[in-house]
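In what follows, a structure is listed as structure tokens, so that the remarks can point back to it.
The values are calculated or read from the model by the stated rules, or taken from the named source; none is laboratory data. Quantities reported herein were computed from a predicted structural model and do not represent experimental measurements. Glycine also receives a Cβ, built like all others from the backbone with ideal geometry; neighbour counts cover every protein chain displayed. Calculation scope for accessible area: heavy atoms of the full protein, side chains included, ligands and nucleic acids excluded. Shrake-Rupley method; radii C 1.70, N 1.55, O 1.52, S 1.80 Å.
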Amino acid sequence: MELHDHGLASDLEMMRRQAAERRQVLRWLLAGAATLPLISCGGGSDASGTVASSGASTGTLATPGTGACTVIAEETGGPYPADGTNTNGGSIINVLNQSGVVRSDIRASFNGATSVAAGVPLTIKLQLLNASGGCAGLAGYAVYVWHCDRDGLYSLYSSGVTAQNYLRGVQETDSAGNVSFTTIFPGCYAGRMPHVHFEVYPSLAKAATASNRIKTSQFTFPLATLNEAYAASGYTASVRNLAQISYASDNVFSDGASLQMATVTGNVTDGYVATLVIAVNG
């Protein structure tokens, strides 16, 4: 397969060519939407409509458009962002300008790299709300997510995976502010509670430059989910590391994680779905 390193601009051009087809499909779907029951955004639910969660509390999340929601905490991007803000081995690391970074399935490396991250399947569903605009969904924004693999290693930085760029990707929010990523459950490395990093950008075009980001933060998972997921093959080190850390002692979540605690459904066999509503000032 011939590869071209045209970065985000190339991805945007490909997406524009597909736009007409997508709009036609949406027209067909919307034609019958009036006959379908409404599905709430931002989390799994049981038959009564109560948000399903396990472990620690997820706090109170606003329904889109209700007029009141709390902005998620600003957090460090950590030492492995690969967004052009730091270096490794003397070179600036920026995955955001690599062709193929705009994608929903982030398990495989891309743009010439070939490794695929193994682990328990995880779907991440995020919804962006505008805290300064009545908590309406933020359409047309972009979210960049990244996290470690099941061994606690970060692609492009950690020894053994510096030539890989898996578990990193960018998605544009839909009309309700939703994005979704297919990935694997991240491992727990020494000194940190398991987490996923993300950056929010005002548009997909601006997501190629880290200086345009409007929010950098992290989210985590309920302890019950972590204990269950780490019983799976390949997560032995995570079991040991998790036993030595807590939300209270974590250097990011120790000041409170209610707005950064994902709602999780699923199991080790079928995979997990982690859902989080994120309020920012749009």
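Suppose we filter the stretch 139-170 for residues that are open to solvent by less than 10 Å² (accessible area, probe 1.4 Å), farther than 26 Å from S233 by Cβ and hydrophobic (A, V, I, L, M, F, W, C); how many remain?
3
V264 fails exactly one of the following numbered conditions: (1) surrounded by fewer than 23 Cβ atoms within 10 Å (Cβ to Cβ); (2) in contact with a helix residue (DSSP H, G or I) (Cβ under 6 Å, 6 or more places away or on another chain); (3) in a strand (DSSP E or B); (4) not basic (K, R). What is the number of that condition?
(1)
Give just the number: which of (1) in a strand (DSSP E or B); (2) free of Cβ contacts under 8 Å to residues at least 40 places away in the same chain does A139 not satisfy?
(1)
When you go through (1) closer than 22 Å to V145 by Cβ; (2) part of a loop (DSSP other than H, G, I, E, B) one by one for A279, which number turns out not to apply?
Evaluating A279 over (1) closer than 22 Å to V145 by Cβ; (2) part of a loop (DSSP other than H, G, I, E, B) leaves (2) as the failure.
Modelled with pLDDT of 95 or more, among the aromatic types (F, W, Y) and within 24 Å of S155 (Cβ to Cβ) - does that describe any residue in the stretch 236-252?
First, the residues of the stretch 236-252 that are modelled with pLDDT of 95 or more: 236-252.
Checking the rest, the ones that are also among the aromatic types (F, W, Y) come to 247.
Applying the additional criterion that residues be within 24 Å of S155 (Cβ to Cβ) yields none.
No: zero hits.
Could you list all residues from the stretch 77-96 that are modelled with pLDDT under 95 and outside any strand (DSSP E or B)?
G89, G90, listed by residue number.
I'd like the residue in the stretch 231-253 that is under 20 Å from K215 (Cβ atoms) and either open to solvent by 20 Å² or more (accessible area, probe 1.4 Å) or hydrophobic (A, V, I, L, M, F, W, C) (or both) and, out of all such residues, is farthest from the chain's Cα centre (by Cα).
N251
Cβ-Cβ under 6 Å, sequence separation 6+ or interchain: first residue in the stretch 193-214 and in contact (Cβ under 8 Å) with a residue 60 or more places away in the chain, partner open to solvent by 10 Å² or more (accessible area, probe 1.4 Å) and charged (D, E, K, R). Which pairs?
E199/R213; V200/K215; Y201/R213; L204/E172
Would it be correct to say that Y189 is open to solvent by 20 Å² or more (accessible area, probe 1.4 Å), in contact with a strand residue (DSSP E or B) (Cβ under 6 Å, 6 or more places away or on another chain) and either under 17 Å from A262 (Cβ atoms) or modelled with pLDDT of 95 or more (or both)?
No; evaluated as a whole, the condition is false for this residue.
Please verify whether A131 is open to solvent by less than 40 Å² (accessible area, probe 1.4 Å), among the small types (G, A, S), more than 25 Å from S238 (Cβ to Cβ) and modelled with pLDDT of 95 or more, treating the condition exactly as stated.
yes
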